[in-house]
Structures are given as structure tokens and as C-alpha cells.
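Report on the structure given below.
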Amino acid sequence: MPTARQKVDSQFDVAAFMESKAPKESINFFGVSVPVPTDTPLGVTLQARMAQQSEEEATQQNVLELLAGLLGQDIADQIEAANPGVKACGVLLLWAYRNAGGEKMGFPEAFEEYEANEAAAREAAAGEVEGKAAANRAERRAAARTTRNGKTSGGTSR
């Protein structure tokens, strides 16, 4: 039986402890066994925030890097080799991120949320385009009225 001093001197393995508490569930994603993540690495959180703040479109490489951070490089490589579609990878990323953050989410729920997010993004983009088009029409009308009144855009008579 270990003494109190021996207990203090031994190192507690936090990683092994956390691993022992994690559920051992997985899903089959295009032939790749993907374990349900139970924690989000700090680097993935920071990388995801940077991607959200960036106005650039998510590239395949960005998605694979986030998946590698959440699920491991080996699994990300297998997913890349399986060559699933953009939507499937987007749903997988949402599913993995939510589960890693402690929110129990099934793949079908992740799919529904992904679809809703995509629809909202399309509507927002369409509204932005319509807003720009309306502003351009108003600008052209104002310029046409100014020209018809015998004035140039500089405000002088012809």
C-alpha cells in the first residue's frame, strides 16, 4: 500500500484521466470511423475564431485543418482521401465542434442546423446584393434627373 508521501510524489496523468472519462462512441463518415470528440483543443478554438472573423470563404484546407485539430491528423487524412462533398464536410465540422464543446449533437441534427445556417447565409447575401443594386439604381436616377435639369454632375449649366 502506498504511503501518503508516495501518493504526493507520483504524477497524476491528466490526459489519461480525461481519456478514461470520454465516451467511446464513433460514427462512420464515408468509410472513416470518426470518434465523437469530447473536448475542443485551444488551437482549434482560436483557429475557428480567426476563420469567423475573416471575410474569406472557407477553403478545403481550412476545413481539413480544423478537422485535424478536432479529430486528429490521421482521421483528417482519411476523410480527405475519401473525398466527401463540401456539405458533408461542413456538417461533420459542425457536428465535431459542437460535440467537442460539450453539446451532445447527432449527425442528423448537425445536418439540419447546417442547412438552416446555409439558407440564412444565402438570404443575407441576396439581401446585400439587392441593397447594393437599389443604391446603384437610386444613384443612376439622381444622375439622370440632374442631367435632365440641364446640370452636369458638377452642378454647372450646359
List the residues, sorted by chain then number, that are 5 or more residues from Ile27 or on another chain and whose placed amide H is less than 5 Å from its amide H.
Val34, Val36
So if R0 is 22 Å, what FRET efficiency would Glu103 and Glu123 give, r being the distance between their Cβ atoms, rounded to the nearest 0.05?
0.30
The stretch 22-148: radius of gyration and largest Cα-Cα distance (Dmax), Å:
20.1, 75
Would you mind computing, in nm to one decimal, how far apart the modelled labels at Phe12 and Glu112 are, each placed 7 Å from Cα along Cα→Cβ?
4.0 nm
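Coordinate-derived values only; no laboratory data. Only a predicted model underlies this, so the values are computations on that prediction, with no experimental measurement involved. Here Cβ is always computed from backbone atoms with ideal geometry, including for glycine, and neighbour counts include all displayed protein chains.
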